[in-house]
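Structure first, then comments.
FYI, it's all coordinate maths here, none of it is from the lab. Just so you know, these numbers come straight off a predicted model, no measurement behind them. Here the Cβ positions follow ideal geometry from the backbone for every residue, glycine too, while neighbour counts run over all protein chains shown.
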Amino acid sequence: MKSFIICIGNRLLVEDSAALMVFDRLQQRSLPDNISVIEGGLMGLNLLPFLEQGGRVVFVDNVSGFTRPGSLIVLDQEKIIATGTEHYDHNSSLAYVLSVLPKVCEGDLPEEIVLVGIEGPCTEKLVEEAANLSVSIAQNGQK
Amino acid sequence: MTTEARLIKLPLNRVEGDLEIFIEIVDGVVSNAWSKGTLFRGFERMMEGRAALDGLVITPRICGICSMTHLNAAAEALDAITGIKPPANAQRLRNVAVMAETVQSDIRHAVLMFLVDFAHRKSYQNHPLGEEAFQRYSPLSGSAAIETIKETKRLLGIVALIGGQWPHTSFMVPGGVTNGLSLTDTLKCRSILAHFKNWYERSILGCSSERWKQITTLDELDAWLDEKPEHRNSEVGFFIRFARLAQLDALGQGHNNFISYGSYTLPKETAVQGMDGRLFAAGFAKGVKVETLDLTKIQEDVSHSWFQQDNPVAHPHQGQTNPFIAGKNDPRYSWIKAPRYDGTPAETGALAEKITAIDPLFTDLVAKLGANVLVRQLARLVRPVSYMEAMSVWLDELMQNPNADFYHNVTEIPDGRGEGLVQAARGALGHWVEVENEKIKHYQIITPTAWNGSPRDGAGIAGAWEQALIGTPVRDLSHPIEAGHVIRSFDPCLVCAVHTVHKGKQRGQMRLGFGR
């Protein structure tokens, strides 16, 4: 199955940059051909084209208040949306993008969408664990 | 008399925001306003001492929405220093890419960020069109909101085909662009544009672009509205009807001064008509009286901004970006400098672009009603008409000459000063650059939101939207939606306006304003 690992965040903000450290780490690995790693940055609605190609989508992002600091959590699509926003602004949130996705999708909806959440503060070890977990879910789905 | 000072916070998220507006309300009317940029960025300082071409890579990162216009300004500043004009095809490719980004921004802003406020139930429960507005613009389900997301997402394909990626491409370089566009890719661009234009005319305008261009006065606009149900029920038609009933044509007057750097340098030979080598003329206007823009009259004043420089007022070629933390009793209150033209504040954006280019309809509207929320937002909604017309011609011309030059060889950047002055989606954007020994000696940027969100200057004169807020009636102090309309009519983008990044409060989470 085709899979995307989409790392989102902002390199300029320490507390929002963990997923991009995961991106950098994944760039150095040789991954199976069916996995594409995307630097999603702050593209908001402009991530939609990656969400219209079926397959599996694994987002990686910082989260706050979900689990104990220094650990990872996996959220499914429903839980991401429940973190919620009802409003668009420049570079809208992941919850907003996923909420509108079924209404605006013109290709194939992903079969599975999950978020690997990194609860800060972020360490090298946590980045490594997040990278491993993302690849594992991209390959095998959420267990 | 009751006086209440309130702090309005616009909806923020992690990419932008950092705008705080304080308004003082006396007897239900805004009596004073202060616009405060709360973030120091300092891109200008990052540029100093770097290689001459580094602005092409770094400055597009100033903004995640209009990165192309920063690239365009950076490239035009270097073009000015080298004195080498890019070949016609390069100019066409630059223009088409920037325009695609701007058209997307205009429509997303209009529907998803401005009109969404019309769907606020509590504020507009008694508005005759309130229920219909909710059906159209409700954020996650409104018919126009969903259509806008669907139809605008493909537009950036044009940028990706021309520039290789979006955002933050660096395909514009002194001497032209880094690659030509194959016939196949030109055809793809045309197809994306044609598809979008078809939707835009059907849903946003409710008529053909040709019919819209026939409207040159307020009376003709009213006649157009009455002409057909398609006109009245299009987003433009509905917007005008709703806004008039909500009296948005009396809100947000401001200084009534406008500045535009003109936009889109014309290729040497093209069927697109313009003025002074640009598609839209540059200018400064008091009301509708337009003057030729004299670039020496542009200055930045730091009297009320947290910066320190030798002279509090300086032309951008002399301006400095030295952050200065002042004490509590200091008059400074913003990380945005105060740009002034001949000592005067001015607003910029789609409306200013129309006024300085002497567009007949908008000249008539401003002559009769002055600048206001309705006319400012209308200008943004219909700006794609003229943009898409030019884009279409340039894509055709690219098809006719696919193998023409796209680059003149530039082997070095000589010592010198240059300006890259362009129109971004939000208005006048300038990069002032000085190069010495192939390195950047000096770099100053004035963004559109610096013009619009400017703080007071040394004479105590308010910035554009500070002034526009004064006189705004606020019905519900807990939800000052009218003040929100005024600010949003300027399409604020604070991430551009404030000059590294400060580790902030609750970044990564959207804070909702107005109790939304």
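Details
- GluC sites (Glu not before Pro) restricted to the range B:200-303 and DSSP loop, no more than 14 other C-beta within 10 Å: B:Glu269
- If the segment from B:Ala194 to B:Gln165 were pulled out straight at 0.36 nm per residue, it would be longer than the present Cα-Cα gap by 8.3 nm.
- Two-site label geometry, B:Gln318 and A:Ser71: point separation in nm, points 7 Å out along Cα→Cβ: 6.1
- Extension gain, A:Leu12 to A:Leu109: 0.36 nm times the residue separation minus the Cα-Cα distance gives 31.8 nm.
- Set of the range B:272-299 residues, backbone N closer than 19 Å to the point 7 Å along the Cα-Cβ line of B:Asn311: B:294-299
- Evaluating 6.51 cos²θ - 1.76 cosθ + 1.60 at θ = phi - 60° for every residue in the range B:277-282, the Karplus couplings come out as x, 10, 5, 10, 6, 6 Hz, glycine and proline recorded as x.
- What the phi angles of the range B:27-41 give under the Karplus curve with 6.51, -1.76 and 1.60, with θ = phi - 60°, is a coupling list of 6, x, 10, 5, 9, 7, 8, 10, 9, 10, x, 9, 10, 8, 10 Hz, glycine and proline written as x.
- Here r is the Cβ-Cβ distance between A:Phe50 and B:Asn401 and R0 is 35 Å; the resulting FRET efficiency, rounded to 0.05, is 0.50.
- Legend: calculated FRET efficiency, B:His408 to B:Glu227, from the Cβ-Cβ distance at R0 = 51 Å, rounded to 0.05, equals 0.55.
- What the Cβ-Cβ distance of B:Thr344 and B:Ala367 gives, at R0 = 22 Å and to the nearest 0.05, is a FRET efficiency of 0.70.
- Label-point separation, B:Glu48 to A:Gln142 (7 Å along Cα→Cβ), nm: 5.0
- Taking the Cα centre of the range B:101-256 as origin and assigning +1 to Lys and Arg Cβ atoms and -1 to Asp and Glu Cβ atoms, the resulting dipole is close to 500 debye.
- Listed from fewest to most Cβ neighbours within 10 Å, the set B:Met68, B:Met113 follows the order B:Met113, B:Met68.
- For the protein assembly as shown: rounded, prolate or oblate by the Cα gyration tensor [a/c cutoff 1.5]: rounded
- Exposure proxy ranking, count of Cβ atoms within 10 Å, fewest first, for A:Cys105, B:Cys493: A:Cys105, B:Cys493
- Electrostatic tally near B:His304: other residues with Cβ closer than 15 Å to its Cβ, Lys and Arg +1, Asp and Glu -1, net 0.
- Extending 7 Å from Cα along the Cβ direction at B:Arg244 and again at A:Lys2 yields two label points whose distance is 4.9 nm.
- Residues whose amide H comes within less than 5 Å of that of B:Asn322, counting only those at least five positions distant or on another chain, are B:Gln308 (H built at 1.01 Å from N in the peptide plane).
- Euclidean distance of C-alpha centroids, the range A:1-48 and the range B:434-455, integer Å: 32
- Each Cα pair under 8 Å and six or more residues apart adds its separation to the average, and for the range B:3-497 the resulting relative contact order is 24 percent.
- Size of electric dipole in chain B: Cβ of Lys, Arg +1 and of Asp, Glu -1, about Cα centre, debye, nearest 20: 1400
- Of all lysines in the structure, those lying under 18 Å Cα to Cα from B:Lys36, and not within fewer than 8 positions of it along the same chain, are B:Lys9, B:Lys328, B:Lys337, B:Lys503, B:Lys505.
- In straight-distance terms, cross-link reach from B:Lys153 covers every one of the aspartates and glutamates whose alpha-carbon lies under 14 Å from its own, apart from those fewer than eight places away in the same chain; here that gives A:Glu52, A:Glu106, B:Glu101, B:Asp106.
- Residues B:Ile146, B:Ile84, B:Ile355, B:Ile440, sorted so that the one with the fewest Cβ neighbours within 10 Å comes first: B:Ile84, B:Ile146, B:Ile440, B:Ile355
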